[in-house]
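Presented below is the structure to which this report refers.
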Amino acid sequence: MRQKLQLKGDISLSQSVIQRRNSNQRQKSPIQGRRLFLSHVIQTPLSQQYGQTQQQQQQQQQQQIIQGRSHSQSNVVFQEEVPQKWPIIQLPFLKNTEPTIFFQYPPVCEDKRPMVNARPMTEEEVKKYQLTCKVLGSAPYKCVLTSFDWAGFKRIDEDDEDEEWNVQWGIGNKTTLRNMNRYQKINHFPGCWNMGRKDLLWINLSKFKRKYPKEYNFIPNTYLLQYDYDRFLMAQESAQKDTLWIKKPCADSRGRGITMISKKSKVKKDKNFLIMDYIYNPHLINGYKYDLRVYVLISCFDPLRVYMYKDGLVRFATQKYSTNSKDLTKRYIHLTNFAVNKLSPNFVKNQNSQKDDEGSKWSHQAYRKKLDELGINSRELFMRIKDVVLKTCIATEPFMLDSNAKSQEHRNGYFELYGFDVLIDENLKPWVLEVNVSPSLNSSSPLDKKIKTSLISDVLHLVGVPLWDKNNYKIGSPPKYNQRNIKEISNINTSNCLNKLSQNDFNMLIHTVEEVKRKGKNFSCIFPNPKTIHLYMDLFEFPRYNNKLIERFYQDRCNWLSRFN
Ligand code: ADP
């Protein structure tokens, strides 16, 4: 099967393309033995035809790129067919930066990523760059393997120490992290557990909650039994008689080990558990409790770059909600985990990816439609969710930066897809219950499969896997970083930026802009977002040079990069 890439607009073919077409030159794919037509047209931008100065053009392009209106400096548009699973290069949108690998959506996504400013690799390039991934674990997720496969990656053996990989999917050991180079990417940050363990999340967030009680009141009050046992006993003693709590293991998942606690319950001091205030008034749909699995991608902590996925899953309990004391032990009422509810006789499995409001798991899109039908402003609710997600990331940022490799060279070497579990109460307030470091990517239904495969393909496309000629890579001396003065940033503007900014500053800004261009339609950038960045800057524990520079760059209407090009 071949994928037909449609042309947009009126395009005149270049001479070489016509010649190649006429001679019907075909190239054989080393991956699948398929035949490939490589023909693309590099269009002259209209502005060049109308005699604008180069600087005017660059400025115009710059504005368009940041505002998301233009796709490329030279629009490369494909004339013909690209076979499946053929590596494609995503060209950069700005000058002075590197191309990355284009991730085609596998068929299960029922979608096509627009091939804008992209071109298939030539046969020589395929041999030269040899895309490889290392996916750890004995039962790797199918959506991860399929996404790599469709982008033309070969999977190498987990134990293979000799062959170099472009991307590793799985937590790296110390040696792997030490030996990484700037072309390699791993899908976990060192220290990712600062957000991913329930006890560490509480330690990090409670610090901010003390400092900013109003802004950080979205995580239920928590007692770590190791430290707060006596405090909990006192709270239990003085609480009203129908008060409820929920006891959970600090580092487990899937609802394992969770129990409900009432005023009468006897609680032992166990350092592996915590107790959280129970949100007794969840918002219900058709009488059932639910929570939202929200996918959040962090591509960098310095500067902080956070994206939220537009789709996700809504997981329903399978017995109608009640706080009756007789029902306290009924897990199908109080827990919304799929792993718990799939065992319930009432669990309804989704059978069709088109019917996303069917059964015990819905898509966010279906959920939003339902809310709108109920007269609830779903847009506003999701804005609130973005707000609590970002505040959680800001609170863990100091701890993450401590654990991260200090080397600036690895700034873009890691990324992390977090699964936030968010409960909505009857007042439509979102509560962050926990953050999963390795959210389940298993697909138990066609709907699951579609959402999760699109998600992984989008994650890999966004973070940008650079091309790397493995035979010719020499480890150079680490880049030098100038003394950076954060106080100077407010004085930087379009006219003096060339003198005031270093090459590294420009690289960081270019990387930030390029990444936003690759986010596609499914991710929204929640930080740094030009419209909202100023609202969050004061929450950071320490003002960071890179975050401040981006804020200033947006304030100054993003014209600096055209000076640099
Ligand atoms: P796990 O890692 O085992 O999934 P969670 O913290 O996500 O643990 O809790 C499992 C489920 O328990 C949640 O999906 C939610 O339905 C319920 N739950 C957890 N904490 C609370 C809480 N504080 N209030 C109400 N329900 C909760």
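Taking every residue in the stretch 252-263 that is closer than 16 Å to Y280 by Cβ and basic (K, R) and pairing it with any residue that is more than 6 Å from the ligand (Cβ to nearest atom) and not in a loop (DSSP other than H, G, I, E, B), at least 6 positions away or on another chain, the pairs with Cβ-Cβ distances below 7 Å are K263/Q236. Just one of the listed residues (Y216, Y223) is assigned to a loop (DSSP other than H, G, I, E, B), buried (at least 20 other Cβ atoms within 10 Å of the Cβ) and within 16 Å of the ligand (Cβ to nearest atom), and it is Y216. Would you mind stating whether T532 is modelled with pLDDT of 90 or more, in contact with a strand residue (DSSP E or B) (Cβ under 9 Å, 6 or more places away or on another chain) and of a type outside the set (K, R)? Criteria met by T532.
Condition first: of a type outside the set (S, T, Y) and without any contact (Cβ under 8 Å) to a residue 24 or more places away in the chain. Can you find one or more residues in the stretch 294-308 that meet it? Working first, answer last.
Let us first name the residues in the stretch 294-308 that are of a type outside the set (S, T, Y), namely 294, 296-298, 300-306, 308.
With the extra rule that they be without any contact (Cβ under 8 Å) to a residue 24 or more places away in the chain, the set shrinks to none.
There is no residue in the stretch 294-308 that is of a type outside the set (S, T, Y) and without any contact (Cβ under 8 Å) to a residue 24 or more places away in the chain.
Name the residue that is nearest to V422 (Cα to Cα), counting only residues in the stretch 262-287 that are near the ligand (Cβ under 9 Å from one of its atoms) and of a type outside the set (A, V, I, L, M). Top of the filtered list is P282. Mind listing just one residue for me: the one in the stretch 237-261 that is acidic (D, E) and either more than 12 Å from the ligand (Cβ to nearest atom) or buried (at least 18 other Cβ atoms within 10 Å of the Cβ) (or both) and, of those, modelled with the highest pLDDT? Taking the candidates together, the pick is E237.
Tell me whether the stretch 228-243 contains one or more residues that are under 25 Å from the mean Cα position of the chain (by Cα) and in a loop (DSSP other than H, G, I, E, B). No; the residues of the stretch 228-243 include none that is under 25 Å from the mean Cα position of the chain (by Cα) and in a loop (DSSP other than H, G, I, E, B). Any residue that is of a type in the set (F, W, Y) and under 15 Å from D291 (Cβ atoms) - is there at least one of those in the stretch 406-415? No: zero hits. Filtering the stretch 178-193 to residues that are surrounded by 21 or more Cβ atoms within 10 Å (Cβ to Cβ) and within 16 Å of the ligand (Cβ to nearest atom) leaves only C192.
If you filter the stretch 439-461 down to residues that are of a type in the set (G, A, S) and at pLDDT 95 or above, you find that the one that is surrounded by the most Cβ atoms within 10 Å (Cβ to Cβ) is S457. Are there any pairs, at least 6 apart or on different chains, whose C-beta atoms fall under 6 Å, with the first in the stretch 111-127 and within 14 Å of S457 (Cβ to Cβ) and touching a residue at least 12 places away in the same chain (Cβ under 8 Å) and the second of a type in the set (D, E) and surrounded by fewer than 20 Cβ atoms within 10 Å (Cβ to Cβ), and if so, which? Within 6 Å, no pair qualifies. For the stretch 427-445, the tally of residues that are of a type outside the set (S, T, N, Q), farther than 17 Å from L335 by Cβ and in a loop (DSSP other than H, G, I, E, B) stands at 4. Note on the stretch 86-96: residues that are crowded, with 19+ Cβ neighbours inside 10 Å and either at pLDDT below 80 or not aliphatic (A, V, I, L, M) (or both) amount to 5. Evaluating K209 against the criteria (1) surrounded by 18 or more Cβ atoms within 10 Å (Cβ to Cβ); (2) farther than 23 Å from L423 by Cα; (3) of a type in the set (K, R) leaves one unmet condition, (2). Scanning the stretch 284-302 for residues that are over 27 Å from Q240 (Cβ atoms) and surrounded by 16 or more Cβ atoms within 10 Å (Cβ to Cβ) gives I285, L292, R293, V294, Y295, V296, L297, I298, S299, C300, F301, D302. When N412, N404, N436, N482 are checked against the criterion of being at pLDDT 90 or above and not charged (D, E, K, R), N436 stands alone in meeting it. All of N352, N341, N281 fail the test of being in contact with a strand residue (DSSP E or B) (Cβ under 9 Å, 6 or more places away or on another chain) and either at positive phi or surrounded by fewer than 21 Cβ atoms within 10 Å (Cβ to Cβ) (or both), apart from N281.
The values are calculated or read from the model by the stated rules, or taken from the named source; none is laboratory data. Since the model is a prediction, treat every value here as computed from it, not as a measurement. Note: ideal-geometry Cβ built from the backbone for every residue, glycine included; neighbour counts use all protein chains shown.
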